[in-house]
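Each remark here refers to the structure printed beneath this line.
The values are calculated or read from the model by the stated rules, or taken from the named source; none is laboratory data. Bear in mind the structure is a predicted one, so any value in this text is a computation, not a measurement. As a convention, Cβ positions derive from the backbone with ideal geometry for all residues, glycine included, and neighbour counts pool all protein chains shown.
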Amino acid sequence: MSAAPRVSHTLDVSPLPEYGFGHRSLLWWGTASMMVIEGMVFAMVIVSYVYLKGRAPHWPPSGPSPDLLWGSVNTAVLLASALPNQMAKKAAERFDLAGVRLWLAVCLAFALAFNIIRFIEFQHLNVRWDTNAYGSIVWLLIGLHTVHVLTDFLDSTVLAALMFIGPVDEHRFVDVSENALYWYFVVLTWLPIYAVVYFGSRVS
Amino acid sequence: MSAPQKRARDEEKRPRVVEDDARLSRQAQERQRLELERTWANGRGFIAWLAETDHKVIGRRFIVTAFGYFTLGGILAALMRIQLAKPENTFLGPDLYNQIFTMHGTTMMFLFAVPVVLAMGVYLVPLMIGARGIAFPRMLAYGYWMFLFGGMFLYLMFFFNVGPDNGWFSYPPLAGPEYGYGKRADVWAQLITFTEVSGLVVATCLVVTIFKLRTPGMSLNRMPLFVWAMLIVSFMVIFAMPSIVISSTCLILDRLVSTHFFNQAEGGDPILWQHLFWFFGHPEVYIIFLPALGMMSEVIATFSRRSVFGYTEMILSMTATAFIGFGVWVHHMFATGLPQLGQSFFTAASIMIVIPTAIQIFNWIATIWTARRLQITVPFLYMASFFFVFIIGGLTGVMLASVPLDRQVHDTYFVVAHFHYVLIGGSTFPLLGGIYFWFPKMYGRMLDDRLGRISFWLLFAGFNLTFFPMHLLGLGGMPRRVYTYPAAMGWQGMNLLASVGAATIAVSLLVYLVNVVVSLRRGAVAGENPWGAATLEWATSSPPPSYNFSPQPTVASSEPLWHSELAPPPLVGLATDRREVLVTFLLDAEPDHRYEMPGPSLWPLLTAITTSIMFVWSIFNPWGVVWGSIPIFVTLTGWFWPTEKKERIKHGIHGRMRPSETLP
C-alpha cells in the first residue's frame, strides 16, 4: 500500500449495519437492471407491433379483435394484487416474519388466479400465432408477459417456502422487499401491453 | 423509538476515524492477511476449480476463452484468404465458404470482441475501484459458463456441417423458414441467445459493482476513465441487447412454430428484422470500441506521466457517443429504399458521432503533447497505432454515412475494409496493448519487450497490407461474401497482397503468443506497480491476492498512487472470517453498509448446464422450452436456497425481529 506505512489513522467501518433496503442494497440495483432489460424487451415488441400495424392495410388483417372481458378482468386482478404486494414489502421492511408469511401467501393466491385467467385469456384472442403477422406479434406480447408472471409466481413460491421452513436472516427480508419490487414491474408493464393488445386493433 | 433515540442510533452506525490504530501494525496486518486468505481462497482441486467465483479468476478465464475463440475465428479468416489468394480457386466450395465467413463474423463479434472487453472489465474494475470483489460473483460465473458453452455449441455444430451460413446478421428471408434449410440458422439464433444471457449478466454485475462497491473517497468524478468506459458500455449492453433478444427470438419462432414476423406474404416484414438487428448491431460497435478508449486513456496517462487532458470532456464524449450510437442504425440499411427524410436524418446522426470521437482524440494528443516524460513502451505503441488505423476507418465511415457513396459501394470490399479498420484499429489494437499493459498485474511477470515490439510491427504492417487493398478492391467492384472471382476481373494482385498480409498477421499473433507463454515462466518479476501507474489496481501485489487488498485503500484524488501525500486513511473493520465487502453510496462513495458476498458454488455451473440443455433442445423441438425449463427451475432453486451452514442466523427463525437491537 503506497500510503499505508506512513499513515497511522484508519477509517473504521465496523459500526456500519450489515444490510440495507431499497437503493442501498446491491440486490435492488440487480433487480433494477433486470427491469430495464425486460422493459426494453417489451418496448421493442410494442414498437414491432406498431411497425407491423403501420404497414398493414387492415388491422387485424382478418377476424375480430380480442374479446375485452377476460383481459380486463385479469387487469383488475393484477392491479388488486398490488395491495398484498405492498403489505408484504412493508412487513419485510419491519422484519415482521408473520406478516411476510401472510402477505406472501396472499400474493401467491393472486398470481395463481392471474395465471388461470390468463389461460382463458389466450382462448379469447380470436387469432392463432401462426395465422398471420398480427397473430404472431399479439401472442409474442402476451406470451412474454406470461413468462414473467409465471417465473415470478414460481420464484415467489420458493421465497415463501423459504420464509416458512428455511433459515431466515435479514437478507431474506431484503429478498422479499426486492421480490415485491419486481412484482410491481410485472403489474406496471402489463398496462401498456393490455392497451396495445386489446385496443391497438380497435383504434385506427 | 423516539426521534432523538433514532438519531443517536444512526450516529452510532457511522464509520469513524481511529487515530494511531493498532490494526495497522505489521503483526496485525500479517494476521489479518492470513485470515483473509483463509476466508476468500476457493480451495484446490477440480471441484473447487468448477465452483470458482473470484472475479479475477473468472475474468482471466473469460479472456483466455475469448482469445481461444479469436484463434478459431482467425483460422477461419486464414482459410478465406487462402481461398481468395488466386482467382477461380477450388480450395473451399461455396457452401463451406458461406459457413466460414458467417462463422468468422459471428465468432469475432459475439465470441471475441464483446466478451473480451467485458472480461477486461470483470478483471480490472473491482481492482480499480478498490473493492474486495465484484457484485453477484455467482451470477458472473454463470455468465462465463454460458459464454463458454455457447461457443462450444456453435463450433460443435459447425463440425457437423450445421454451421450458420447466412452472414453474421442472418437476414431473413434467406435465414427464414423458406430459404434457410436445415438447422443452420437456428444454430445462429440460439448462439445469440447464449451470448446475450452472458453479456447481460456481466453488464449487470459491472454496473452494480461500479455504482455500489467503490471504495470511500472514489466519488464518480474520481473514477478512472476505464471504469467510466465500462460503466457506459454496460449501460449500452443493457439497452441494446434486448433488441437482438427479440429479433433472434422472432426469427427462431418463424422457423420453428410458423409465426410470420418476417414473412411478407402474411403481413410480416423482413425489413423489421434489419431494424431490430441494427438497433442492436450499431451500438454493438460502440460496445466493442468504448472499453478500448478507456484502456487508451489509462495507458496514455501512465506513459505521459500526467492525468488525461480534459477528464470531464472525455466522460461527456463517451456518453455522447453512447447516446448518438443508438440513433444511427439505419445507415446500415441505406440500400433498402427508405424515405429520403429518414436517410438524411441518419446521415446527419452518423456524421455527428465524429464530434465526440474527435474530442477524445484531440484530448489524447494534448495529453501526449504535454507529457511530463513520454515513454514509448509496447503498450503505448499499440495505443498510438490507434491514431493511424482507427482514423482511416473513421474517415471511410464518414464517407459511408453519405447515402450516394454508400449505395455505390454497398456490399463491396470497401465496407469490409472500413469495418476491419474500425474494429481492429478501434478495439483489437488497444486491447492487445491493454493485455500487454495489465499482463504483469494478472500474472506477476512482465512480457518481453523485444518480442513485443517485433509482434507489434508485424501486426501493424500485416494489418495494413491485408485491409488497405480491400478499399481499392471494393471501389473496383469486388462484392463481399463471394467464394471466388474470375481472373478477368483483375482483382488478383490485390487479393494476393491481402493474403500475404493475413499471413503476416498470423505470424505476429504467433510471436505474441510465444511472448506470453515464455514470459509466464521466465518473464521479469513485475512487482506491484511496474509501469508507475496511478490507479488502485497497481496498489496491490501482482497477481493480487484473492481478497484484492489488505487493508482496503481509500482515495482522495483521481490518481491515488501519484498523490500519496494526501494519505487518506485505509479502511479497517470489515470482517475477516467471512467475505465481507463495503457497500457505498452511488455518487460520492460514502460508506453505507457491510455486505457478505456469497462464496464458491457449483450451482452457477449446474444452472448453466441446464440452461444450455434447454436452449439446444428447443432447436429440435419447441416443447424443449417447456420441459427444459423444469431442470432450470430446480437448479435455480438450489442456487437460491440458503444452507444452514452458510447462513449466520443471528435471530430466531420465529417471531418479530429487531435487528437494530441485536446487531453488534
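Structural remarks
- Yes/no for B:Phe239 being under 13 Å from A:Met44 (Cβ atoms), assigned to a loop (DSSP other than H, G, I, E, B) and facing chain A (nearest Cβ under 7 Å): no
- Residue among B:Met157, B:Met236 that is surrounded by fewer than 24 Cβ atoms within 10 Å (Cβ to Cβ), at pLDDT 95 or above and either of a type in the set (Phe, Trp, Tyr) or closer than 30 Å to B:Leu96 by Cα (or both): B:Met157
- Across segment B:569-595, the number of residues qualifying as at the interface with chain A (Cβ under 7 Å from one of its Cβ atoms) and either of a type outside the set (Phe, Trp, Tyr) or part of a loop (DSSP other than H, G, I, E, B) (or both) comes to 12.
- A residue that is assigned to a loop (DSSP other than H, G, I, E, B) and either under 28 Å from B:Phe112 (Cβ atoms) or aromatic (Phe, Trp, Tyr) (or both) can be found somewhere in segment B:300-314.
- Test for B:Ser618: is it among the small types (Gly, Ala, Ser), outside any helix (DSSP H, G or I) and under 29 Å from B:Met146 (Cα atoms): no
- In segment B:257-281, the residue that is nearest to the other protein chains (Cβ to nearest Cβ) out of those that are over 23 Å from B:Leu200 (Cβ atoms), of a type outside the set (Gly, Ala, Ser) and surrounded by fewer than 24 Cβ atoms within 10 Å (Cβ to Cβ) is B:Glu266.
- Condition broken by A:Gly135, with the remaining ones in (1) more than 28 Å from B:Pro631 (Cα to Cα); (2) in contact with a Lys or Arg (Cβ under 7 Å, 6 or more places away or on another chain); (3) at pLDDT below 95 satisfied: (3)
- All of A:Val197, A:Val203 fail the test of being more than 14 Å from chain B (Cβ to nearest Cβ), under 20 Å from A:Val41 (Cβ atoms) and not basic (Lys, Arg), apart from A:Val197.
- Residue in segment B:399-422 that is within 30 Å of B:Trp531 (Cβ to Cβ), among the hydrophobic types (A, V, I, L, M, F, W, C) and in contact (Cβ under 8 Å) with a residue 40 or more places away in the chain present: yes
- Every residue from segment A:146-177 that is under 11 Å from the mean Cα position of the chain (by Cα) and not polar (S, T, N, Q): A:Val147, A:His148, A:Val149, A:Leu150, A:Asp152, A:Phe153
- Scan of segment B:256-284 for residues that are assigned to a loop (DSSP other than H, G, I, E, B), more than 16 Å from A:Leu52 (Cβ to Cβ) and not aliphatic (A, V, I, L, M), ordered by number: B:Ser258
- Residue check, B:Pro544 crowded, with 20+ Cβ neighbours inside 10 Å, within 27 Å of the chain's Cα centre (by Cα) and modelled with pLDDT under 95: no
- Matching residues in segment B:128-154 - criterion: being within 18 Å of B:Val237 (Cβ to Cβ), within 12 Å of another protein chain (Cβ to nearest Cβ) and of a type in the set (A, V, I, L, M): B:Ile134, B:Ala135, B:Met139, B:Leu140
- Note on segment B:509-520: residues that are surrounded by fewer than 19 Cβ atoms within 10 Å (Cβ to Cβ) and touching a strand residue (DSSP E or B) at 6+ places or on another chain (Cβ under 8 Å) total 1.
- Inspection of segment B:165-185 identifies at least one residue that is part of a helix (DSSP H, G or I) and either under 22 Å from B:Leu124 (Cβ atoms) or more than 8 Å from every other protein chain (Cβ to nearest Cβ) (or both).
- Matching residues, segment B:547-561, being of a type in the set (Phe, Trp, Tyr) and at the interface with another protein chain (Cβ under 9 Å from one of its Cβ atoms): B:Phe549
- Residue check, A:Met44 at the interface with another protein chain (Cβ under 9 Å from one of its Cβ atoms), in a helix (DSSP H, G or I) and of a type in the set (A, V, I, L, M): yes
- The residue that is farthest from the chain's Cα centre (by Cα), among those in segment B:451-507 that are outside any helix (DSSP H, G or I) and small (Gly, Ala, Ser), is B:Gly490.
- Put simply, of B:Phe346, B:Phe380, B:Phe362 the only residue that is part of a helix (DSSP H, G or I) and within 23 Å of the chain's Cα centre (by Cα) is B:Phe380.
- Segment A:84-109 residues that are within 14 Å of another protein chain (Cβ to nearest Cβ), paired with ones that are of a type in the set (S, T, N, Q) and buried (at least 16 other Cβ atoms within 10 Å of the Cβ) (beta carbon under 8 Å, 6 or more apart): A:Ala92/A:Ser177; A:Glu93/A:Ser177
- Top-ranked residue in segment B:11-45 [being in a helix (DSSP H, G or I) and at the interface with chain A (Cβ under 10 Å from one of its Cβ atoms); ranked as modelled with the lowest pLDDT]: B:Glu11
- Note on segment A:136-161: among residues that are of a type in the set (Gly, Ala, Ser) and free of Cβ contacts under 8 Å to residues at least 40 places away in the same chain, the one that is surrounded by the fewest Cβ atoms within 10 Å (Cβ to Cβ) is A:Ala161.
- Residues (in a helix (DSSP H, G or I) and either within 14 Å of chain B (Cβ to nearest Cβ) or surrounded by fewer than 19 Cβ atoms within 10 Å (Cβ to Cβ) (or both)) located in segment A:110-135: A:Leu112, A:Ala113, A:Asn115, A:Ile116, A:Ile117, A:Phe119, A:Ile120, A:Phe122, A:Gln123, A:Ala133, A:Tyr134, A:Gly135
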